[in-house]
1. Restricting to the range 24-50, what's the tally of residues that are open to solvent by less than 80 Å² (accessible area, probe 1.4 Å) and either touching a helix residue (DSSP H, G or I) at 6+ places or on another chain (Cβ under 9 Å) or in contact (Cβ under 8 Å) with a residue 60 or more places away in the chain (or both)?
2. Can you say whether Asp11 is in a helix (DSSP H, G or I), modelled with pLDDT under 90 and open to solvent by less than 100 Å² (accessible area, probe 1.4 Å), as far as the supplied structure shows?
Amino acid sequence: MSEYDEMSNADVFTADELYEMDRDAEYRLDAEDEARYAELAEAEDRGEGR
């Protein structure tokens, strides 16, 4: 096992970089949720609801 196997993101990135990555991931997940909700609403409008 090399020393890299025991490294974490905190060993590689600054706190600001980690914050940006988390924020960007949250924005991406929010956008995916919004797209899914829009698809469900459109399907419901067409009478294809559950």
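1. Number satisfying all stated conditions: 1.
2. Against the criterion (in a helix (DSSP H, G or I), modelled with pLDDT under 90 and open to solvent by less than 100 Å² (accessible area, probe 1.4 Å)), Asp11 qualifies.
The values are calculated or read from the model by the stated rules, or taken from the named source; none is laboratory data. Source: prediction; values computed, not measured. Note that each Cβ is placed from the backbone with ideal geometry, even for glycine, and that neighbours are counted across all protein chains shown. In case anyone asks, the SASA skips ligands and DNA or RNA and just uses the protein heavy atoms, side chains included. Shrake-Rupley method; radii C 1.70, N 1.55, O 1.52, S 1.80 Å.
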